[in-house]
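Undergrad: Here you go, one structure.
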Amino acid sequence: MDDLTPPMDREAFRRMVYTGQLMKVSGVLAALALVATRHVSWLDLALCSALSVFTMLGVTAGMHRLYAHRSYQAHPWLAAVLAAAGTMSGQGSVLIWAAVHRKHHAHGDQAQDPHSPEHGGVWHAHTGWILKFYPEDLARYVPDLLADPVLRWQHRHMGLLLWAGLLFPALVGGIYGGWWGALTGYVWGGWARMFLVEQSACLVNSAGHVWGSRPFDTRDRSTNLGLFALLSLGDGWHNNHHAFPGSARHGLTWFQLDPTWWVIRACQALRLVKDVNVPDPSVVARRLL
Ligand SMILES: [Zn+2]
Ligand SMILES: [Zn+2]
């Protein structure tokens, strides 16, 4: 696997992306229709919440802080679980996610940035870029990750993992509620959950480069958005992150809530995580504007 270009042309890839987006939007509309007609169960909501947190952590703790930035080391099985959870979020393989993200950091808010609001507007940064995206010329950003056999396997089987994340809530819903339970579990724990998690991540790319505070002077337009910080499990402290991209902790003070950091710390206490990189408080203080 020398590059990340898929074995299909641009048009076929675009059709696949559009189908995925259509399914996510349809999932949310179906979920809302179930609420309006009082056909949603506590199990549906529990599945949606639990799988949202699990797959979101796959993105924030896994794809982002572990793989794209190497801000800490994880035990091999924890690293594999996070990689699987990240792909279940519907945001592609770790290799593609990390390559796009490293490109974003390398060209923050410049013309080559894949999703900058400065070059294409807020809609482009939020979702528009995904609709035009074709993974090519990305391998040079992730030579270290391409050497990882687990990630290569995960990249080749991302469809399998994606469907596991969709069918698991259907299975649990079916065990407790028969065919109807399977359907509502599939809608709420599957596609609607995927939409919600993707929106949280997309908000960091769009709103996190437009609105909010900029306590640090970075070469880009990244901002801290406390309002979205919890929704994105801590990745909303985006100006902090662009200032200290190698830090496993994004909320740099006690009041900047960063649930992903709490999970990394808990895993460190359990000896599942080591070599956690956090900037010295004096270095942070010196860089404050
Ligand atoms: Zn950014
Ligand atoms: Zn980053």
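The values are calculated or read from the model by the stated rules, or taken from the named source; none is laboratory data. Small disclaimer: the values here were computed from a predicted structure and weren't measured. Neighbour counts run over all protein chains shown; Cβ positions are idealised from the backbone, glycine included. Each accessible area value is taken on the protein alone, full model and side chains, heavy atoms only, with ligands, DNA and RNA left out. Shrake-Rupley method; radii C 1.70, N 1.55, O 1.52, S 1.80 Å.
Undergrad: Roughly speaking, what is the centre-to-centre gap between the range 46-80 and the range 148-165 when only Cα atoms are used, to the nearest Å?
TA: The range 46-80 and the range 148-165 have Cα centres spaced 14 Å from each other.
Undergrad: Still on this model: Ordering VAL273, VAL150 by accessible area with a probe of 1.4 Å, largest first, what comes out? Walk me through the numbers before you get to the answer.
TA: On the way: VAL273 10, VAL150 70 Å².
In descending accessible area the options line up as VAL150, VAL273.
Undergrad: Looking at the chain, identify the longest residue range that excludes and avoids all trypsin sites (Lys or Arg not before Pro) in DSSP loops having at most 14 other Cβ atoms within 10 Å.
TA: Numbers: sites that count: ARG38, ARG219, ARG271.
No qualifying site falls inside 39-218, the longest such stretch.
Undergrad: With unit charges on the beta carbon (Lys/Arg positive, Asp/Glu negative), name the residue among LEU78, CYS202, VAL142 whose Cα is farthest towards the positive pole of the charge dipole of the chain.
TA: Working it through, the farthest residue towards the positive pole turns out to be LEU78.
Undergrad: Let me ask something additional. Using helices alone, I'd like the mean residue ellipticity at 222 nm for the chain: each DSSP H run of four-plus residues gives -39500 (n - 2.57), total over residue count, nearest 500. Please list the in-between numbers first.
TA: Details: 13 runs with 154 residues, N = 289.
Only helices count here, giving -16500 deg cm²/dmol.
Undergrad: Okay, moving on. Using Cα pairs closer than 8 Å and at least 6 residues apart in sequence, work out the relative contact order for the range 10-211, in percent. Display every interim value, and only then the final one.
TA: Working: 269 pairs, mean separation 62.4, N = 202.
Over the range 10-211, the number comes to 31 percent.
Undergrad: Can you quote the Å³ per residue value for the convex hull of the Cα atoms in the chain, rounded to an integer?
TA: Numbers: hull volume 39.9 nm³, N = 289.
Taking the convex hull of the Cα positions in the chain, it is 138 Å³ per residue.
Undergrad: Continuing with this model, one more query. Counting alpha carbon pairs within less than 8 Å and at least 6 residues apart, what relative contact order, in whole percent, applies to the range 1-87? Walk me through the numbers before you get to the answer.
TA: Working: 36 pairs, mean separation 21.0, N = 87.
Normalised by residue count, the contact order of the range 1-87 is 24 percent.
Undergrad: Now, a different point. Relative contact order for the range 215-264: what is it in percent, counting Cα pairs under 8 Å that are at least 6 residues apart? All intermediate terms of the calculation are to be shown ahead of the outcome.
TA: Numbers: 70 pairs, mean separation 16.6, N = 50.
Once normalised by length, the contact order is 33 percent.
Undergrad: Once a ≥ b ≥ c are taken as the square roots of the eigenvalues of the Cα gyration tensor of the range 17-132, is the result rounded (a/c under 1.5), prolate (a/b larger than b/c) or oblate (a/b not larger than b/c)?
TA: Working: a/c = 2.80, a/b = 1.27, b/c = 2.21.
It comes out oblate by the Cα gyration axes.
Undergrad: Under a 1.4 angstrom probe, counting protein chains only, how are LEU151, LEU34 ranked by accessible area, largest first? Can you show the working numbers first?
TA: Working: LEU151 0, LEU34 20 Å².
Ranked list, largest accessible area first: LEU34, LEU151.
Undergrad: Could you report the accessible area of ASP235 in Å², rounded to 10, computed with a 1.4 Å probe on the protein chains as they sit in the structure?
TA: Only protein atoms counted, so the area is about 10 Å².
Undergrad: Could you put VAL142, VAL40, VAL187 in order of accessible surface area, largest first, with the 1.4 Å probe and the full protein assembly present?
TA: On the way: VAL142 0, VAL40 45, VAL187 20 Å².
Output order, biggest surface exposure first: VAL40, VAL187, VAL142.
Undergrad: Continuing with the same structure: Using Cα centres only, tell me the gap between the range 185-228 and the range 1-43 in whole Å.
TA: 19
Undergrad: Could you state the accessible area per residue of the chain in Å², with a 1.4 Å probe and every protein chain left in place? Let's see the in-between values first.
TA: Values: 13900 Å² over 289 residues.
Accessible surface, normalised per residue, equals 48 Å².
Undergrad: Something else: Once the other residues with Cβ under 15 Å from the Cβ of LEU22 are scored (Lys, Arg +1; Asp, Glu -1), what is the net sum?
TA: Residues close to LEU22 contribute a combined charge of +2.
Undergrad: Also, I was wondering about something else. Quick one: net charge of VAL273's neighbours, Cβ under 11 Å, K/R +1, D/E -1? Mind dumping the intermediate values first?
TA: On the way: positive: ARG65, ARG265, ARG271, LYS274; negative: ASP275.
Here the charged neighbours net out to +3.
Undergrad: Can you tally the net charge around LEU45? Count Lys and Arg as +1, Asp and Glu as -1, for every other residue whose Cβ sits under 14 Å from the Cβ of LEU45.
TA: Computed value for this residue: +1.
Undergrad: Figure the gain on full extension for LEU288 and ALA164 (residue separation times 0.36 nm, minus the Cα-Cα span) and round it to one decimal in nm. Before the final figure, lay out the partial values.
TA: Details: separation 124, 0.36 × 124 = 44.64 nm, distance 4.42 nm.
Here the segment from LEU288 to ALA164 would lengthen by 40.2 nm.
Undergrad: Further question on the same structure: Answer rounded, prolate or oblate for the range 195-289, using the Cα gyration tensor with square roots of eigenvalues a ≥ b ≥ c: rounded when a/c is under 1.5, else prolate when a/b is larger than b/c, else oblate. List each step's numbers first, then the result.
TA: On the way: a/c = 2.12, a/b = 1.15, b/c = 1.85.
Note, shape of the range 195-289 comes out oblate.
Undergrad: Oh, and also: Using only Cα atoms and rounding to the nearest 10 degrees, what angle (0 to 90) does helix 42-57 make with the longest principal axis of the chain?
TA: Helix 42-57 and the main axis of the chain meet at about 30 degrees.
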